[in-house]
Amino acid sequence: MVSKTSARFFHRLSTIFQPISVVPKNAEVKKVDITSRSQRLMLERGIIRQASPGCFHLLPLGVRSLEKLTDLVDTEMRKIGGQKVVLPTLTNSKLWEVSGRLETVSSELFKVRDRHNHGYILSPTCEEAVSSLVASLAPISHKQLPLRLYQITSKFRDEIKPRFGLMRGRQFLMKDMYCFDVDLASALVSYKEICHCYDRIFEKIGINFVKVLGSSGHMGGNLSHEYHYKADVGEDKILSCPKCNYFANVEVSGEQECPKCGNTSVEISSGIEVGHTFLLGEKYTKPLNATYLSGDGKPTVLQMGSYGLGLSRILAAALEVLSSDDEIRWPPFLAPYKVIILPPKGGSKEEIHLKNSNLVQSLYARLEQVDTLKNNVIIDDRINLTIGRRFLEAKKTGYPYIIALGKKITESPSKLEVTNLQTDEQLHLEESALLDYVSPKETCAVDRLAFLRSSTPI
Ligand code: ATP
Ligand code: MG
């Protein structure tokens, strides 16, 4: 079917490291440690493996998906003038002494010492590190502002209860942007621009989200918003007022009534925090001396904002929201592969019928020519298995389109069976109609109106 010589040109499932295990055999993971649907599905389908509590190996399918999310975030960050940097994983503890956070968040920090007995922490976030970078060049010119630096790196927190798989890890992937401005008014302009950028990112991911007034917590500062996916497993409680469209984390509003209009019939729901924006002002720039040279030639303290997106949490939370108990569903944008082709079982009459045709190869090549499917097609070439068995597995892994070369392949004209997991449609189509079917249409998965109704204005 897929000959050995041409095989290297195809993504083939048989070559993917995807250890499928219904009950993970990893000694570190007991059944009781599986605390969420996404965690169980990701373990079962070989997307992740647990290394130790809160630390996971990301396997090829998981990496492909996270790379797509990373690409999306990079593209949107660039649009707002974000410049990508990589700050060290080790942050000098002294910087955190200066900001005061070494004490306030001490129990969550992974602390290490070098051979000279100097203290470092494994960066849980980088406000101090980036302020010290800018301070080392201070005063910077006002012409460089606003300065928007971001990174996408692993962060480390000694969570008291690591759980829910990638949703609350001790090591996780975060996008953190730090924005420096001349004054608070400009910092607020940046704040709004970056919030709009987040709106666009979450719209593209395609899962309904809510944006709520957030608590500044240990971060400090003047203003903060959180982005949430609503889900029962979420550890935050969100208050929403249907009367005046006020949305807030209950940590901010406290009571059971709307602080804006006094309505007492507010709704409280559970949310997973997937992003957080902070307007920090001088909280870090002042103690760390991050300044710029203002028009009148005086060094002036920079105004700062900090903007986090939990990329590995977004991925897991998306699966949490979309999947059923035993089948993964990806936001199509983040699916590791968008299409899987299932050739007939070896020795079947369908396979014999196709013996001298190159249908699989040509179908693969044509699918790859569809803009959104480039590098997104895979063949399940394990033709020792029945097509039915491979179909069930494909559904469990959640490829958005499953194309089976089933019984109707022998008809004239021959038809392919396509299953669309987003709509649950199953159709028998000739190749040209199928190509049309899987080509993108102008749709936006997020209900824009629902979002506008569920977002607290800045
Ligand atoms: P939480 O309240 O859930 O502990 P946080 O408010 O402490 O999160 P931030 O400091 O705002 O988190 O970090 C920015 C983003 O990083 C969060 O919005 C979240 O998406 C992600 N994040 C934070 N902690 C974790 C974690 N332990 N595992 C995975 N992602 C995390
Ligand atoms: Mg937060």
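The values are calculated or read from the model by the stated rules, or taken from the named source; none is laboratory data. Quantities reported herein were computed from a predicted structural model and do not represent experimental measurements. Don't worry about glycine lacking a Cβ; one is built from the backbone with ideal geometry, like all the others, and counts go over all protein chains shown. These area figures cover heavy atoms from the full protein model, side chains too; ligands, DNA and RNA do not enter into them. Shrake-Rupley method; radii C 1.70, N 1.55, O 1.52, S 1.80 Å.
On the basis of the beta-carbon distance and an R0 of 56 Å, residue 186 and residue 389 show a calculated FRET efficiency of 0.40. Any idea how far the Cα center of the stretch 55-107 sits from the one of the stretch 260-301, in Å? If we compute the Cα centre of each part, the gap is 18 Å.
How much of the accessible area of the chain, probe 1.4 Å, is carbon plus sulfur, in whole percent? Within the chain, the accessible surface is 52 percent carbon and sulfur. Membrane-span-like helices in the chain (whole DSSP H runs, Cα extent of at least 30 Å along the helix axis, mean Kyte-Doolittle hydropathy of at least -1.0): 184-205.
Cα centroids of the stretch 412-434 and the stretch 191-209: 33 Å apart. For the stretch 350-425, which trypsin sites (Lys or Arg not before Pro) pass both filters: DSSP loop (anything but H, G, I, E, B) and at most 13 other C-beta atoms within 10 Å? Answer in residue order: 355, 374. Counting only the Cα atoms, the chain fills a convex hull of 176 Å³ per residue. Based on DSSP H segments of at least four residues, each scored -39500 (n - 2.57), the chain has a per-residue ellipticity at 222 nm of -8000 deg cm²/dmol.
By the Stokes-Einstein formula, at 1.567 mPa s and 4 °C, the stretch 62-321 with its Kirkwood radius over alpha-carbon pairs has D equal to 67 µm²/s.
Reported value for the stretch 215-255: 98 Å³ per residue, from the convex hull of its C-alpha atoms.
Only Cα pairs under 8 Å and 6+ residues apart enter the sum, and on that basis the relative contact order of the chain stands at 17 percent. Per residue, the solvent-accessible area of the stretch 147-194 (1.4 Å probe, heavy atoms of protein chains only, all protein chains present) comes to 35 Å². In the frame of its principal axes, the stretch 170-283 has Cα extents of 42, 30, 27 Å, reported largest first. In plain terms, the chain from residue 33 to residue 245 could stretch by 72.5 nm, reckoned as 0.36 nm per residue minus the Cα-Cα distance. Along the stretch 240-247 the Karplus relation, 6.51 cos²θ - 1.76 cosθ + 1.60 evaluated at θ = phi - 60°, assigns HN-Hα couplings of 10, 10, x, 6, 10, 6, 8, 10 Hz to successive residues, with x for each Gly and Pro. With all pairs of different C-alpha atoms in the average, the Kirkwood value for the hydrodynamic radius of the stretch 140-200 is 13.9 Å. Within the P(r) computed for the stretch 261-355, what percentage of the Cα pairs occupies the region above 19 Å? Considering the stretch 261-355, 72 percent of its Cα-Cα pairs are separated by more than 19 Å.
Report for the stretch 62-321 the percent antiparallel among DSSP-assigned beta bridges with both residues inside it, nearest 5. Restricted to the stretch 62-321, the bridges split so that about 90 percent are antiparallel. All Cα-Cα separations within the stretch 290-441 were binned at 5 Å from zero, giving a P(r) of 2, 8, 16, 18, 16, 11, 6, 4, 3, 3, 3, 3, 3, 2, 2, 1, 0, each value a whole percent of the pairs.
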